[in-house]
């Protein structure tokens, strides 16, 4: 083959990227707009697009083109693009179409069973479906592991966070597991000694919450010509390249979670909005992986916004939006900070504070490894879950709704995803720390609502890099060293035990 | 090939149908939800899907499968399905992939330019884009004409209304063109002698208009589990099979047009919602063509709803929705009927009454035939438009916003579409006349807001037939004879010169 092999690959992946964009809009529509009766038809549309994408990427010519392109004279980004193409190609071609389809069907059936099982707290309903999902996931993992020459669970990790390996994650998580019990005790007893936070009294009209969220998105630099804010049951950031769509959900009784949720999803969306347009639809031009993605949402939410500086800036906006609450003390930044940094031993991951959140993740990480390895039979999952919660957080869920039925991930076939949440939190702390060192007066800027210096730094040091560097090289280039969990712990100590 | 050729075709067309559904949602999103900066990306997504659909349907095997299937023992619907598959296959395979993609891209770019040009009344903005669209449309039309062995413009017509031919349309339109001037003079002088209609005074809040529209949709039998109502600049009915999405636009100064627009689009949507689910995604299971489609919207709007019966029923709902208007006479059915059947020599097709509407269509039909034939250069279009308006309706648009920039069709690449509006109006009159003869007490039912007998008759005699029969056979089966324009003229005489 000639020097056009690389160009041929670019064209094929551009087509794939555009189909993925189309799917992104169809997924968004399903959660935000679609009438209920259209669910089956939409599933068919998405499955058809999945099959077509799989056919495109497993075309036998792709392997030949990759071999040829690797021998061509290419620029650095082109070479990195070929590297990412090969990764995507191995992930796709390791698994045959029949297994892909069986896995997709099993996940759909299991997800439906889970929707019934969760409110009833009845794990038995979903168990046979989950057995099938786990079996097929393990089969796919083994096929990928063989192609990559890595352990099975690592192959699953690699789908969500390229190059993530258990050998690297184990010591990080063990270290946090050892750090947490004592630290959590100290934080809780310190918070018990402080005055109780004053809860602003609602109702907080949805339209006001939405306006406040839009204002904050504007302040953070969200480009509304290339994105939207809407409502869905489960908030997410999605859409297509150049068309970033984030969602939130509003409770009239509590405005705090929609606001922070909007900031969180804006962090994801800014990453996507700042990806280099030259490499749009190419593998090297996509977000690096779920670790870096989560670092961008958590940096904006946990690091920048659950801070005295941001809350000082936001307090008058909140008071203006929700004037009905007359008690002045509710709008004091100090009080808002107490509200937004409350720590507790809870059952539910998605409601957890940043101190206990890693415990939820570590539990899932250990359990899913054991499940994939065949060391933990699925029928023993509820017991192992509750035991793990007791050990890690000192609480035991009263039922499986508050235990192993709470998250959709496994029931939807996503094993290997959970660790990226906590690795992302650690990267967020490290990136924010680095930004604070090089941007003069960053805290003061945030307290004036000036996010441009921070977001520009992220755009240059993280977003613009797309998938050109590995996650570790990206962190090293941006902060001077690879992922260093000590920065996250230092952040927690500074914020919760000042 | 064996008896499985037909089944093989069904599978391929099902895949195609699901991709067309995906495109339907992406088109809807573009007009209703998409942020402006995402236009280019969306055009790429749609073009990519167009190319993939084109590849599917022009797969060399399709021709062989069609030949084989035509020799197989098939039921009546299967045989009709093969007939429609062949028609679709000829339309698609006549044009190569590069032309399909270029046409799709050119249309997207032109449509976006038109969105800018129309409010500015600046035809020059859109002219170069339209040149490209016309050039590519003509090229595609020539290729199809050669395959079907028909004239170029007939090949374009056939895309929207199978078997429609200029040789059939010319005398119908010439006849109406001859009938109109005298009739219009008589109607206008009659209306001038009647008391002037009392215009209800606004503002009419958008939210109230929307609620009224939703209520009327419910009354007409729209299934909200499989559809939505939204807002767009240019109202349309679209979406996917089982997910019918109609749009309207609201003016706070006038509620009448949004309401009738909603009824009109509901007529389109009901047709789609009642197509036989057994044949979903198959060519024989789709709507017959744009003539029948338009007949369904116009039957509900023009025949059933702009009537004394419906307006008697709707008057109290309108009064309730827009209580601010205190003058009782504004809400008298007689007054509403005057408002809703006012005839005038206007510039805008979509605002035209049913008497002058055909003149707008005849103008476009003649102009687009000249454009495709190369007899009218595009730079002369505004002048030719204004001249035609003067001849047909006796008025001359003051600018191109009120002239040749008013409709999206050409800018979106749809040449050969316009005639179906007026052919549809004629079919609507004929179908409503037939329904009135067989449904006992239909006018009385409508005056009670009971649309079920009418809609059930349409569902059985039109919607459930899908593309099983030709348009003319469908009309003959439902009404006893093929399209008969005399019924439309009789309807106009009865309503406007009673």
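Return the residues of region A:226-241 that are within 13 Å of chain B (Cβ to nearest Cβ) and free of Cβ contacts under 8 Å to residues at least 40 places away in the same chain; say none if nothing qualifies.
A:228, A:229
Which of the residues that make up region B:456-477 are farther than 23 Å from residue B:173 by Cβ and surrounded by fewer than 23 Cβ atoms within 10 Å (Cβ to Cβ)?
B:456, B:457, B:459, B:460, B:461, B:463, B:464, B:465, B:468, B:469, B:477
Restricting the search to region A:282-307, which residues are part of a loop (DSSP other than H, G, I, E, B) and within 27 Å of residue A:443 (Cα to Cα)?
Matches in region A:282-307: A:306, A:307.
Within the bounds of region A:62-79, is there any residue that is within 11 Å of chain B (Cβ to nearest Cβ), part of a helix (DSSP H, G or I) and in contact with a helix residue (DSSP H, G or I) (Cβ under 6 Å, 6 or more places away or on another chain)? Please lay out each step first, then the result.
Of all residues in region A:62-79, those within 11 Å of chain B (Cβ to nearest Cβ) come to none.
No, region A:62-79 contains no residue that is within 11 Å of chain B (Cβ to nearest Cβ), part of a helix (DSSP H, G or I) and in contact with a helix residue (DSSP H, G or I) (Cβ under 6 Å, 6 or more places away or on another chain).
Confirm whether residue B:199 is surrounded by fewer than 18 Cβ atoms within 10 Å (Cβ to Cβ) and more than 14 Å from chain A (Cβ to nearest Cβ).
Considered against the rule, which asks whether it is surrounded by fewer than 18 Cβ atoms within 10 Å (Cβ to Cβ) and more than 14 Å from chain A (Cβ to nearest Cβ), residue B:199 comes out as yes.
Sort out which residues of region B:87-113 are over 20 Å from residue B:45 (Cα atoms) and within 24 Å of the chain's Cα centre (by Cα), and write them in order of number.
Across region B:87-113, the qualifying residues are B:87, B:88, B:89, B:90, B:91.
Of the numbered conditions (1) facing chain B (nearest Cβ under 9 Å); (2) surrounded by 17 or more Cβ atoms within 10 Å (Cβ to Cβ), residue A:47 fails exactly one; give the number of that condition.
With respect to (1) facing chain B (nearest Cβ under 9 Å); (2) surrounded by 17 or more Cβ atoms within 10 Å (Cβ to Cβ), residue A:47 is out only on (2).
Just the residues that are under 27 Å from residue A:401 (Cβ atoms) and surrounded by fewer than 19 Cβ atoms within 10 Å (Cβ to Cβ), please, taken from region A:320-341.
Passing the criteria: only A:339.
Go through region A:1-58 and count every residue that is assigned to a loop (DSSP other than H, G, I, E, B) and either at pLDDT 95 or above or in contact with a strand residue (DSSP E or B) (Cβ under 7 Å, 6 or more places away or on another chain) (or both).
3
Kindly establish whether residue A:107 is within 30 Å of residue B:223 (Cα to Cα), crowded, with 17+ Cβ neighbours inside 10 Å and more than 9 Å from every other protein chain (Cβ to nearest Cβ).
When the stated conditions are applied, residue A:107 passes them.
Can residue A:38 be described as under 30 Å from residue A:247 (Cα atoms), surrounded by 19 or more Cβ atoms within 10 Å (Cβ to Cβ), within 14 Å of another protein chain (Cβ to nearest Cβ) and without any contact (Cβ under 8 Å) to a residue 40 or more places away in the chain?
Yes, satisfied.
Here is a yes/no grid of residues against (1) in the same structural domain as residue B:319 (by TED's automatic domain parsing); (2) within 20 Å of the chain's Cα centre (by Cα); (3) closer than 24 Å to residue B:426 by Cα; (4) without any contact (Cβ under 8 Å) to a residue 60 or more places away in the chain:
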residue	(1), (2), (3), (4)
B:191	yes, no, yes, no
B:213	yes, yes, no, yes
B:254	yes, no, no, yes
B:265	yes, yes, yes, yes
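Taking the condition touching a helix residue (DSSP H, G or I) at 6+ places or on another chain (Cβ under 8 Å), over 27 Å from residue B:57 (Cβ atoms) and free of Cβ contacts under 8 Å to residues at least 40 places away in the same chain, does residue B:309 pass?
no
Within region B:215-225, restricting attention to residues that are surrounded by fewer than 21 Cβ atoms within 10 Å (Cβ to Cβ) and within 13 Å of chain A (Cβ to nearest Cβ), which residue is farthest from residue B:452 (Cα to Cα)?
The residue in question is B:225.
Being within 14 Å of residue A:497 (Cα to Cα) and without any contact (Cβ under 8 Å) to a residue 12 or more places away in the chain is the filter here; which residues of region A:170-184 pass it?
A:182
Quick check, is residue B:363 without any contact (Cβ under 8 Å) to a residue 24 or more places away in the chain and farther than 20 Å from residue B:203 by Cα?
So residue B:363 does not fit the description; no.
Residues that are out of contact with any strand residue (DSSP E or B) (no Cβ under 8 Å at 6 or more places or on another chain), in contact (Cβ under 8 Å) with a residue 12 or more places away in the chain and in a loop (DSSP other than H, G, I, E, B): does region A:128-147 have at least one?
no
Take the conditions assigned to a helix (DSSP H, G or I), touching a helix residue (DSSP H, G or I) at 6+ places or on another chain (Cβ under 7 Å) and either surrounded by 21 or more Cβ atoms within 10 Å (Cβ to Cβ) or more than 7 Å from chain A (Cβ to nearest Cβ) (or both) and apply them to residue B:86. Does it pass?
Here the answer is yes, as residue B:86 does meet what is asked.
The values are calculated or read from the model by the stated rules, or taken from the named source; none is laboratory data. For clarity, every value in this text was computed on a predicted model and none was experimentally measured. Counting neighbours? That spans all protein chains shown, and the Cβs are built from the backbone with ideal geometry, glycine included.
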